[in-house]
Amino acid sequence: MSADFYKPMRLNEIDSSLQEEIKKVCDINVELCMECGKCTGGCSNAHIFDYTPRKIVQLVKLGAEKTLLSMDALWTCVSCQLCVDRCPSQINIPHIMDYIREKAHRQGVKTRRINVELFHDLMLNSIRKTGRVAEAPLMLNFNLRSRQYMKDAVLGGRMFLKGKLSPFSPVVKDIDHVRRLFKKIADNREG
Amino acid sequence: MDIAYFPGCSLHAMAHEYDTSTRLVCQRLGINLYEVPDWNCCGATAAHSLDHHLSVGLSSRNLALVKDMNLKQMTTPCAGCFNRLKTASVELKQNDDLTAEIEKLAGISLTGAKEVEVAHTLQVIMEAVGMEGIKEQVIKPLNGMKLAAYSGCLITRPRAIAQFDDPEQPVALDHLLQALGAQPVHWSHKAECCGGGFAASDTDIVVDLGGQVLEAARQAGAEAIVAACPMCQTNLDTRQRAIEDERGIKYNLPIVYFTQLMGLAFSYSPRQMGLNRLLTSPTTLLRSRGLS
């Protein structure tokens, strides 16, 4: 955890631009946070987060964008939606997490959980190519790319015997439509 | 009742038995499922984690396809797909600017897509048929089988999107199991997370969270866990050995889809319901109740 987090806060150094940005883009008002901590109390993974949901909302208010973009919690949030449902102010924390993660990904901010990001990327690649996800080829590709060659080899054998691993990759007929969506989004980003 | 059916990628692969059992059970209940032609992946965790527009865009194409079928309702048995499709549907309805952006990016009109209503198959069965209607079809009751009804996260959460059952104390699945003659146990983890999409990318998370779910079910005296999502089923079934190794406890808990149990109660054979495809075998349990 960053030591800076515990330094005394200088109010005249606080930047509210991130808070404004999240209000504008995501329609989420973090000012409604009462710091009750119910989000953290319900969080499935708070015990392994570097910053808990309540702190994340506070970091948004403090404009600590750098800390948020590089925090480990971005890549260990399971999106179980407990925090938003428990929040008395209905602050959509999972949406904030998605927004910041998307930003970190675009800016190429390094994460310790490279495998989580890699898996997402490979999955989206599969959808771009075929329109669907072929589970077994995706797993195999992931193990190769993450250099975990023997990962789940025994489990894979058991699943194969149960007919759970199909080697085929289904393809959407109108794949051009799906690819267009990917391309336009990529163009938009660059433009 | 005619309804568009979105199986999703898992039901065409690992969770094939969930697809087969859903189709047979719905047919018996008079719910006619029409598979959305040429559907694409909902984008799952990957899309919403990395790109909001992509996530909404992928689901929007599916919603538009339903409109082309002249149907107004779509159902999916996958809690993950349900969450993505319904989130997109709600966002399109509420946000005209976003709709216009997605129309431009995807190159399709979403006017019709906005009218499509999305529901998880559990919701459709409970609302269109209900407990009494299910009871009428039961030929072989489950004889007091002690089951942990596991709703997981996304069938009922977030409440503003799912608009079904209670987000943390769901009861629909328990009621359904009661109608089949089973005895749902009272337990603490019916709406906790199994680790979701981290099965491959960060297995430790699934072993940790899934382990808590298995332990809670064991403590409540459940003989099996009943899932309504291919991710929940796969995580708890395929990681069960790793969880047992870590915790030093032998759980041996079959993780069964609710539709498989419905099919059994409607007198389909265990093989027809694909119960032989589960890694943790339910055979001993089924024999003990005269169902195999």
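Remarks
- The phi torsions of the range A:170-181, fed into the Karplus equation with coefficients 6.51, -1.76 and 1.60 and a -60° offset, translate into couplings of x, 10, 5, 5, 8, 5, 4, 5, 5, 5, 4, 4 Hz, rounded to whole numbers, with Gly and Pro shown as x.
- In the protein assembly as shown, helical runs assigned H by DSSP with n ≥ 4 each contribute -39500 (n - 2.57); averaged across all residues and rounded to the nearest 500, the mean residue ellipticity at 222 nm is -15000 deg cm²/dmol.
- Scattering profile of the range A:114-190 at q = 0.10, 0.21, 0.23, 0.26 Å⁻¹ [log10 I(q)/I(0), Debye over alpha-carbon scatterers]: -0.30, -0.98, -1.08, -1.19
- Average beta-carbon neighbours from other chains, 10 Å sphere, peptide A:72-84: 6
- Scattering curve values for the protein assembly as shown, log₁₀ I(q)/I(0), Debye with Cα scatterers, q = 0.11, 0.12, 0.13 Å⁻¹: -0.90, -1.08, -1.28
- Exceeding the 27 Å Cα-Cα cut-off - candidates A:23/B:67; A:24/A:129; A:110/B:86; A:23/B:93; A:110/A:162; A:110/B:114: A:23/B:67; A:24/A:129; A:110/B:86; A:110/A:162; A:110/B:114
- Under the criterion of Cα pairs below 8 Å and six or more residues apart, the relative contact order for chain B equals 18 percent.
- For chain A, the relative contact order comes to 17 percent (Cα pairs under 8 Å, sequence separation of at least 6).
- Subset of A:103/B:72; B:135/B:190; A:7/A:61 violating a 25 Å alpha-carbon distance limit: A:103/B:72
- Gyration tensor verdict on the range B:158-228 (Cα atoms; rounded if a/c is under 1.5, prolate if a/b is larger than b/c, oblate otherwise): oblate
- Sparse-neighbour loop sites [trypsin sites (Lys or Arg not before Pro); the range A:1-98; at most 10 other C-beta within 10 Å; DSSP]: A:10
- Amide H to amide H distances under 5 Å link residue B:149 with B:185, B:226, where only residues 5 or more positions off or on other chains count and H is placed in the peptide plane.
- The range B:131-288: C-alpha gyration tensor shape, a/c 1.5 cut-off, then a/b vs b/c: oblate
- At a Cβ-Cβ separation cutoff of 4.7 angstrom, cysteine residues of chain A with no neighbouring cysteine are A:26, A:33, A:36, A:43, A:77, A:87.
- Distance distribution P(r), chain A, all Cα-Cα pairs, bin width 5 angstrom from 0: 1, 7, 12, 14, 16, 15, 12, 10, 7, 4, 1, 1, 0 percent.
- For peptide B:29-38, the mean count of partner chain Cβ atoms within 10 Å of a residue's Cβ comes to 1.
- Taking Cα atoms only, the orientation of helix A:135-145 departs from the longest principal axis of chain A by about 70 degrees.
- Spatially proximal lysines relative to residue B:250 (Cα-Cα < 20 Å; intrachain offsets below 8 disregarded): B:146
- Length-normalised contact order of the range A:114-190 in % [C-alpha pairs under 8 Å, at least 6 apart]: 38 percent
- The label-point distance for residue A:24 and residue A:153, in a model that sets each label 7 Å from Cα toward Cβ, rounds to 5.4 nm.
- Three-way shape label, the range B:104-196, alpha-carbon gyration tensor, a/c 1.5: oblate
- Peptide-level mean, for B:53-62, of C-beta atoms on other protein chains within 10 Å: 4
- Degrees, to the nearest 10: A:93-107 long Cα axis against longest axis of chain A: 70 degrees
- In loop segments of the range B:211-278 as defined by DSSP, there are no chymotrypsin sites (Phe, Trp or Tyr not before Pro) with at most 11 further C-beta atoms inside 10 Å of their C-beta.
Laboratory data are not the source of any read-out in this text; all were calculated from the coordinates shown. None of these values were measured; they are calculated from a predicted model. Every residue, glycine as well, gets a Cβ built from its backbone with ideal geometry; the counts of neighbours run over all protein chains shown.
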